[in-house]
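Just below is one structure, and these are the notes that go with it.
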Amino acid sequence: MTDDEKVQGLNEEVKRASGRRTRRSFIVAAMAAAGGYEFYRWVDRSHPDQMIPAVLRRGLNVDEAVSKDAFGDRGLAPTYPLKRAEELRVNGVYGVKDELVPESWRLQLVGVEQPQRFAQYVDDVTAWEYRYAAKKDEKGSGNHDTKVAPKAAMMGPAPDQVEKAGDAGNANLPPEFQRALEELKKAQGNKRPRGQEEAGMSDNTLEAGTPGLLLTLEDVTRFPKQELVTQFKCIEGWSQIVHWGGVRLRDLLEAYPPARSRDGSFPQYVYMETPDGDYYCGYDLRACMHPQSLLVTEMMGRPLNQWHGAPLRLYMPIKYGYKQIKRIGLIAYTNMRPDDYWTKLGYDWYAGL
Ligand SMILES: Nc1nc2c(c(=O)[nH]1)N[C@H]1C(S)=C(S)[C@@H](COP(=O)(O)O)O[C@H]1N2
Ligand SMILES: [Mo]
């Protein structure tokens, strides 16, 4: 058997098994079927419950919740042979248009339990300055903008129409708004205002003075490397099979578990945002704990490029493309369902496939 055939065999086994079992017993079956095969490491390294920090185990009934609510009986997204993977097109460039200076990237992590115990603690994550290379030309920003066909359920105007409105920029704003914008800019130390794309600023953008952690890329990539070949689906109607490389989001969240609320409960949501706040997404903590939810650093065996979200993007199975946020600058635990870029424009928050 070739490696691809082994993987196919495993996938078939997985599908059969998962049709009749809970995810819990399914993982046991998959582990047996995997027989130590290394490429799909998420299968044979799935944490036994004992390895999940107590703080998350008590807050979440991960196995049950993941299999039943979020992902149906199947539990896992199907995977494909590596040879079927192809180069993913670029679709949507909010928050990635400017070239980020790689050394200036940090992951802001907010809502962690006792953050002061970590060396990466700072008392204001928003004070971190992301630096951008001088603009050469506008290439990339015009041609690649998001074009998403309206879904039946969509309430807002079609994105390309909204986009045109957004393209007019600030020049068309009434003078009082322009003055207010100028004042806001000054108050922010003349930093670029956040959320300058058509959906506007996120409701969850952090306030200055928010404490948390500033993680480097090394901090994020110290977890076991994962690879996955899955189908990426955009709500527009196209899909492609993609080879992803990165680390499990779950590993990061377990290393930096969330703080409880005053009433003793755990946050049920995770919010993510680009460094400039132009694109943002909200997720169930459960979906983030899914073993196939990855913090991606590589596609097709190569480091991510700017347009696909370097240095770090999300890939979350069984969610549409618009939840796969590129160039993550912030991850925050939260109790309230977080704001989401395309939800603001009328799309479904869950975006389940
Ligand atoms: N930062 C950012 N992330 C984003 C988007 C975006 O505009 N900006 N678009 C989303 C949409 S609608 C899709 S389909 C996917 C496309 O990912 P790709 O460009 O790597 O194919 O990214 C998602 N993540
Ligand atoms: Mo999309």
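Summary of values
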read-out: Contact order normalised by residue count of region 214-353, Cα under 8 Å, 6+ apart, percent; value: 26
read-out: Within the accessible area of region 217-353 (1.4 Å probe), percent carbon and sulfur; value: 48
read-out: Exposure ranking of W307, W342 by accessible area [1.4 Å probe, largest first]; value: W307, W342
read-out: Accessible area (Å², 1.4 Å probe, nearest 10) - L217; value: 50
read-out: Solvent exposure ordering (accessible area, 1.4 Å, most first) of R250, R222, R337; value: R222, R337, R250
read-out: Whole-Hz ³J(HN,Hα) from phi, Karplus 6.51 cos²θ - 1.76 cosθ + 1.60, for region 109-122, glycine and proline x; value: 10, 10, x, 6, 5, 6, x, 4, 6, 9, 4, 7, 5, 9
read-out: Exposure of V122 as accessible area (Å², to 10), given a probe of 1.4 Å and all protein chains; value: 40
read-out: Note, ³J(HN,Hα) from phi for region 200-207, Karplus 6.51, -1.76, 1.60, rounded to Hz, x at Gly and Pro; value: x, 6, 5, 5, 10, 4, 5, 7
read-out: Distant alpha-carbon pairs in region 191-302 (separation over 25 angstrom), percent; value: 34
read-out: Accessible area in square angstrom per residue, region 244-321, 1.4 angstrom probe; value: 24
read-out: By average C-beta atoms within 10 angstrom, highest first, the peptides 346-353, 225-232, 322-329; value: 322-329, 225-232, 346-353
read-out: Å³ per residue enclosed by the Cα convex hull of region 192-238; value: 171
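The values are calculated or read from the model by the stated rules, or taken from the named source; none is laboratory data. Owing to the predicted nature of the structure, the values given are computational and were not obtained by experimental measurement. Backbone-built Cβ (ideal geometry, glycine too); neighbour counts: all protein chains shown. These accessible areas exclude ligands, DNA and RNA; they are computed on the full protein's heavy atoms, side chains included. Shrake-Rupley method; radii C 1.70, N 1.55, O 1.52, S 1.80 Å.
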